[in-house]
Amino acid sequence: MKAAFDIGIESLTRAGETVASSPFVSDTHEAVTSEATAAGAGKSFYIETFGCQMNVHDSEKVAGFLLERGYRAARDAADADLMLYNTCSIREKAAQKVFSRLGEWRGAGKGSQVARTASLGERTKIIGVLGCLAQQEGEEIFERAPWVSLVCGSASYRKLPDLVAELEAGGRRVMGLDLDTDQTFETEVTRRDNPIRAYITIIEGCDYACSYCVVPHTRGPERSRASESVLAEARRLAEAGYTEIQLLGQTVNSYRDPSPGGLSFVDLLRGVAAVDGIRRVRFTTSHPNDFHREIVEAIDSTPELCDHIHLPVQSGSTRVLREMRRTYTRDQYLEKISWIRAARRPISITSDIIVGFPGETEREFEDTVTLLDEVGYDGVFSFIYSPRPITTAASLPDAIPEAEKSRRLAILQERQRQIQMARNAQVVGESFEVLVDGHNAARGQWAGRTTSNRLINFTSAAENLLGEYVQVLVTRASPYSLVGQHVAPV
Ligand code: 5AD
Ligand code: SF4
């Protein structure tokens, strides 16, 4: 499925990001103890990550924990002693992909009876499954892939040290599947894979109960992190040289500070924005029900808060929204959009949409297409409805045939493509501040993002711009990105 706007944050469709082999910086705030270093000494790990930005960041934390324990990052999966899959189960396809990956190690894992591989000689590989599929399938994973020896859902990551220690001591199968937690996953060391943008999880789990969604079952109840801990991490990141921070949560704006300070979400946004050295603060994903005017006011009055809000609508039909248990109507959603449009600076708006929810009529689907025009989204991640285990929608009647779902998706994406083309064409001739995060030597182009998260590829006479903020004049537009040239600051 195609993401209509490469915002790189809700990249649930782009499964299979591999983080272990990319260059990284370690964000260590306490000395690594020699005792910890001894435990995994000499062993290597590799993590392959599927799914959302929350998973990508969880993998950074798991990698940090393993490095602290004395493991080293393997160059590729074949060489690793510990191979971890951090998985996604939001749609059927994502789950299937993990099982097909696991199939590649048949017979290679420590959990298997015939655990020997040619490349590792007498050593055996430990294969672990983390994340949402681990939580959803639990012991089933051992049944389907007996060579797996670690299964751990994200709500149990606090137990990872014990689970890994058990494996190191010769344990064959270990499992962490408790959902009943009020704890968040914090680490002493986080291995940061993105040298430009740093992530901080501020809230984990989800207390909503959207009828199509497995997340409340796989990530557990909502838990917010203490504001002092978030602010301390933001300060450490700024000291390490980061200028952009993205605050993460499945419903990020439901944040409720559990500590005596009792900061609201907006207080926290302002607090992170005020950290010395931080120039850009983003946050995702916002739930419309917890989206209040104060968020727009904070963006208006705080230059560091980026001009972008990801506000998934899921459907433009109030009846379908009710069936989805989204807790708002089309009109209530549009009212929130009107607050954003009334802001003093233009704020880009992106969304997630599901087509082909059970019982969705042609008329109701058209309500979603007209909503695209009414809002004027700068990007939409659109998905075909996929029935998920445990969810209430899975047992709803009137499933839409696959071919019809695909037809609706194509119509929706084409309409959104036109909207983006028109919106992007409007900014040709304007210049924007861009944080440079990529370079394509073959094409002689740099790449970066505006505060509104638009992707710009541009040319420059400068030598090295990575991590720099530069002014770029937009010369050409396409639906998914802009083309421009580096100009002197105005
Ligand atoms: N089928 C299709 N898309 C889904 N999403 C969540 N659950 C499902 C499902 N069962 C989409 C929603 C959500 C995004 C992260 O994934 O649009 O916002
Ligand atoms: Fe899933 Fe709804 Fe929670 Fe988002 S708000 S994670 S869609 S249950």
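Values in this text are rule-based calculations from the coordinates and carry no lab data. Please read all numbers here as calculations on a predicted model, not as lab measurements. Backbone-built Cβ (ideal geometry, glycine too); neighbour counts: all protein chains shown.
Observations on the structure shown:
- Taken along the Cα-to-beta-carbon direction at a fixed 7 Å, the label points for E414 and T459 span 3.5 nm.
- By other beta-carbon atoms within 10 Å, ranking L473, L82 with the fewest at the front produces L473, L82.
- Inter-label distance, nm, simple model (7 Å from Cα along the C-beta direction), E294/D182: 2.3
- For K405, a cut-off of 12 angstrom between C-alpha atoms picks up these aspartates and glutamates, skipping any fewer than 8 places away in its own chain: E360, E362.
- From least to most packed, judged by other beta carbons within 10 angstrom and beginning with the fewest, F65, F142 follow the order F142, F65.
- R101, R172 arranged by Cβ crowding within 10 Å, fewest neighbours leading: R172, R101
- Within straight-line reach of K97, meaning a Cα separation under 20 Å, sit the following aspartates and glutamates at least 8 residues removed in sequence or on another chain: E10, E17, E48, D58, D76, E137, E139, E140, E143, E402.
- Taking all Cα pairs closer than 8 Å and separated by 6 or more residues, the relative contact order of the chain comes to 11 percent.
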